[in-house]
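Reading through the structure tokens given below for one structure.
The values are calculated or read from the model by the stated rules, or taken from the named source; none is laboratory data. This one's a predicted model, so the numbers in the text were calculated from it and none came from an experiment. Quick reminder, even Gly has a Cβ in these numbers, built from the backbone with ideal geometry, and neighbours come from all protein chains shown. Accessible surface areas use protein heavy atoms only, side chains included; no ligands, DNA or RNA. Shrake-Rupley method; radii C 1.70, N 1.55, O 1.52, S 1.80 Å.
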Amino acid sequence: DLNKDTVKQILRYINREGTGIIVILEDTKRAMRGFLAQYKGLNENFNARIDIARMDDRALARYGKKYAYEKEYSIDEMGMLALQTRISNKQTAQHSVTLAEVREIVDEAIWSANRKTIKHFFNVVFSKRYDAEDMIILKEDDFIC
């Protein structure tokens, strides 16, 4: 929504000697491309551009796997699918799932994996609970509410 006069003022401040100024422009990728094409002089004065893409369900699930690993847990293949499904179910046109929500889902799965049940006991006895790195494996059942 910046007009031509505002862009001229920004350019004037940016080109002023001896002043340090940080300018952050935020918009969608498409809108930013059009804006910078319209005001070519402005684009030449920036030394960095960062485009932040919205994370899809798979990327969020990979983040969840990394988060689990940092907590010394691993996620098996079916667990990854269940995690991705939980993320997908929360993701709507009005709501983008955040990294905090992914951490919350993984924390719930960790809690579920550590519950003392008969199944838990048999997994420990038959060595199905730990992976090769001796980390507790989060499975599909741990992600199902």
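Before moving on, here are some points about what is shown:
- Near pairs, Cβ below 6 angstrom, 6+ apart or cross-chain, from the range 36-50 (modelled with pLDDT of 80 or more) to any residue that is among the polar types (S, T, N, Q) and open to solvent by 60 Å² or more (accessible area, probe 1.4 Å): Leu36/Asn43
- Scanning the range 104-134 for residues that are among the aliphatic types (A, V, I, L, M), open to solvent by less than 40 Å² (accessible area, probe 1.4 Å) and modelled with pLDDT under 90 yields a single hit, Ala113.
- Counting only helices (runs of 4 or more DSSP H) that fall entirely inside the range 1-93 and contain at least 3 residues that are under 30 Å from Ile137 (Cβ atoms), the qualifying elements are 57-70, 77-90.
- Any chance Arg58 is closer than 23 Å to Lys90 by Cβ and either out of contact with any Lys or Arg (no Cβ under 8 Å at 6 or more places or on another chain) or modelled with pLDDT of 85 or more (or both): yes
- Qualifying residue in the range 84-103 (condition: open to solvent by 100 Å² or more (accessible area, probe 1.4 Å) and modelled with pLDDT of 90 or more): yes
- So Met80, is it within 13 Å of Val102 (Cβ to Cβ), out of contact with any strand residue (DSSP E or B) (no Cβ under 6 Å at 6 or more places or on another chain) and either of a type in the set (Ser, Thr, Tyr) or without any contact (Cβ under 8 Å) to a residue 24 or more places away in the chain (or both): yes
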